[in-house]
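Structure first, then comments.
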Amino acid sequence: MRAITVRDRAAGVGGLTLTDLPYPHAAENDVIVRVHAAGFTPGELDWPATWTDRAGRDRTPTVPGHELSGTVAALGYGTTGLSVGQRVFGMADWARDGSLAEFTAVEARNLAPLPADIDHTVAAALPISGLTAWQGLFDHAHLTTGQRVLVHGAAGAVGSIAVQLAREVGAYVIGTGRAGARDAVLGLGAQSFVDLGAADWDSVGEVDVVFDVIGGDVLARSTALVGPGGTAVTIAEPPTVRPKDGRAVFFVVEPDRARLVDLAERVRSGRLTPAVGVVRPLAEAADAFVRRHPAGRTIIQVADE
Ligand SMILES: NC(=O)c1ccc[n+]([C@@H]2O[C@H](COP(=O)([O-])OP(=O)(O)OC[C@H]3O[C@@H](n4cnc5c(N)ncnc54)[C@H](OP(=O)(O)O)[C@@H]3O)[C@@H](O)[C@H]2O)c1
């Protein structure tokens with residue numbers, strides 16, 4: 001099967017090549033997915049799990065990509081809940097070969113059924129961004145109706161979903177980004193927009209929740225805005241400062257089949273729109289890693305349905 005692989009950490013994205021690989025092995029509770037569309041995170045070649053397995057052993061050559069949408073091609077020993085031919089979408093494990101391949105092995109619990117009326121290219125943009133936004137806002141920061149939330153990078157893949165979910169729960173949403181993102185962020189439903197290029201961007205007043213995707217100085221300055229009992233949640237890096245009378249949380253997104261089902265239902269009913277950027281074929285995946293595209297997840301179309 002064809003796959004994008006990388007062997008040499010020092011070569012970085014320059015080392016990404018289209019390769020012929022053996023068909024993946026299905027372990028217990030695994031599903032072999034025939035991938036139709038895949039997503040990747042531009043920075044994932046810097047993650048330790050891209051290069052080593054869970055025991056810390058070298059696992060190169062590595063297939064990148066951790067979001068996928070496709071059909072079940074085969075089931076591992078004892079796998080239940082999904083059937084061959086079924087449409088599915090979800091997350092590939094961080095420390096295993098990923099989704100930039102014609103077939104990939106994924107634990108069944110990382111996948112959810114994909115309704116027939118959601119396109120694979122849309123579904124592939126949903127798992128990491130949707131679960132990250134949900135878990136950050138609700139599982140970690142406990143955002144509720146009437147609270148004020150500051151969402152950084154609000155035009156991006158994760159931020160744009162966080163804005164939509166926060167609005168739906170009845171929060172007051174302040175979205176941030178570069179000046180050019182203003183219309184997109186307000187169009188997603190944010191009540192106000194803050195240009196992070198402005199010197200006084202942090203004069204927005206007290207908030208209950210900060211949802212950060214940027215880290216560094218942006219995270220540090222916004223942490224100071226968190227009011228009593230509030231939370232600064234970040235997906236960028238472990239925080240070095242904490243709110244005076246609140247919590248700071250860094251987390252890595254976890255797979256969650258039930259939540260994927262819920263997110264897909266929101267997409268079907270028009271309540272949630274994932275930010276799909278450009279769609280490119282597998283042969284162009286290496287180039288897609290290096291070429292910056294306008295807002296939205298770059299999706300790699302691996303096969304037609
Ligand atoms: N911990 C986790 O579980 C987890 C999960 C998902 C993602 N992540 C990480 O979270 C980050 C965001 O992911 P994403 O998929 O949402 O990325 P993305 O689609 O590129 O969105 C990031 C957004 O933030 C904006 N931005 C970044 N730095 C900025 C700055 N200094 N000033 C103003 N705007 C800025 C970007 O604008 P421009 O496009 O103009 O730069 C973009 O709109 C990535 O580093 C990713 O690796 C972590």
Item to complete: Please state which one of Val290, Val302 is farther than 23 Å from Val169 by Cβ and modelled with pLDDT under 95.
Response: Val290
Worksheet item: What about Val241, is it open to solvent by less than 70 Å² (accessible area, probe 1.4 Å), assigned by TED's automatic domain parsing to the domain that holds Arg178 and within 9 Å of the ligand (Cβ to nearest atom)?
Response: no
Worksheet entry | Residue in the range 291-305 that is surrounded by the fewest Cβ atoms within 10 Å (Cβ to Cβ), counting only those that are under 18 Å from the mean Cα position of the chain (by Cα) and away from the ligand (no atom under 14 Å from the Cβ) | Gln301
Response to the item:
The condition of being at pLDDT 95 or above, out of contact with any Pro (no Cβ under 9 Å at 6 or more places or on another chain) and of a type outside the set (D, E, K, R) holds, among Gly230, Gly175, only for Gly175
Worksheet item: Considering the range 125-150 alone, what residues qualify as being in contact with a Phe, Trp or Tyr (Cβ under 9 Å, 6 or more places away or on another chain), farther than 13 Å from Thr231 by Cβ and within 13 Å of the ligand (Cβ to nearest atom)?
Response: Leu126, Pro127, Thr132, Ala133
Worksheet item: Are there any pairs, at least 6 apart or on different chains, whose C-beta atoms fall under 6 Å, with the first in the range 180-204 and closer than 16 Å to Arg167 by Cβ and assigned to a loop (DSSP other than H, G, I, E, B) and the second away from the ligand (no atom under 14 Å from the Cβ) and open to solvent by 20 Å² or more (accessible area, probe 1.4 Å), and if so, which?
Response: Gly189/Arg167; Gln191/Tyr172
Discussion item. Looking at Thr62, Thr19 in this structure, which one is crowded, with 20+ Cβ neighbours inside 10 Å and away from the ligand (no atom under 16 Å from the Cβ)?
Written reply: Thr62
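The values are calculated or read from the model by the stated rules, or taken from the named source; none is laboratory data. Quick caveat, the model's predicted, so the values are computed rather than measured. Every residue, glycine among them, receives a Cβ derived from its backbone with ideal geometry; neighbour counts consider all protein chains shown. Please note that ligands, DNA and RNA were not included when accessible areas were found on the heavy atoms of the full protein model with its side chains. Shrake-Rupley method; radii C 1.70, N 1.55, O 1.52, S 1.80 Å.
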